[in-house]
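Taking it in order: structure first as structure tokens, then the write-up.
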Amino acid sequence: MTSPCTTPGGDFARAILEGIAHELHHQIQGITPLVGEITDIYTAGGISQFDTFNQIQADIYNRPVVALEDNATAAGVWISTVVTLQHYRSYSQAHQQIARHQHTRRFLPQTDNVALYQAQTVKSRIVQEHIYS
């Protein structure tokens, strides 16, 4: 006979979000040598409206997370269009122009949480090494 889950639903949901953020952090670490240092993380779309997840990401990545409140798809289409039509010389230049008009929310890493997540990452790597060795 199995015992029922005694973990509150909110804790379980948070654990799932933390797992997603840890995996994204692993991917960010993987591309950093290819693209250079990544200082800020920009997020858009449905889940970016969830402030708790944005804060989890900032704490796990130990970087500011900027959540775009406007339609990022439309902004991306506008940027691609104006660069293609040569109204701006680069994507960066076009992005700077539209960024002045976008509404954002910025989430900064919280030192205590960063330390907790970093310790958790070390423990997780040790467990993974034992499993996969």
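Tabulated values for the structure
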| read-out | value |
| --- | --- |
| Three-way shape label, region 26-133, alpha-carbon gyration tensor, a/c 1.5 | prolate |
| Axial C-alpha extent at least 30 Å, average Kyte-Doolittle at least 0.0 - helices from the chain (DSSP) | 9-35 |
| Environment charge at LYS123 (Cβ cut-off 15 Å; Lys +1, Arg +1, Asp -1, Glu -1) | -1 |
| Estimated inter-spin distance, TYR91 and LYS123, nm [label 7 Å along Cα→Cβ] | 3.9 nm |
| Estimated FRET transfer efficiency when R0 is 30 angstrom, pair THR104-HIS130 (beta carbons, to 0.05) | 0.10 |
| Mean Cα-pair separation over length for the chain, i.e. relative contact order, pairs under 8 Å, 6 or more apart, % | 24 percent |
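Read-outs throughout are calculated quantities, based only on the coordinates presented, and are distinct from any laboratory measurement. What you see is a predicted model, and the numbers here were worked out from it, not measured in a lab. Heads up, the Cβs are rebuilt from the backbone with ideal geometry, glycines too, and the neighbour counts pull from every protein chain shown.
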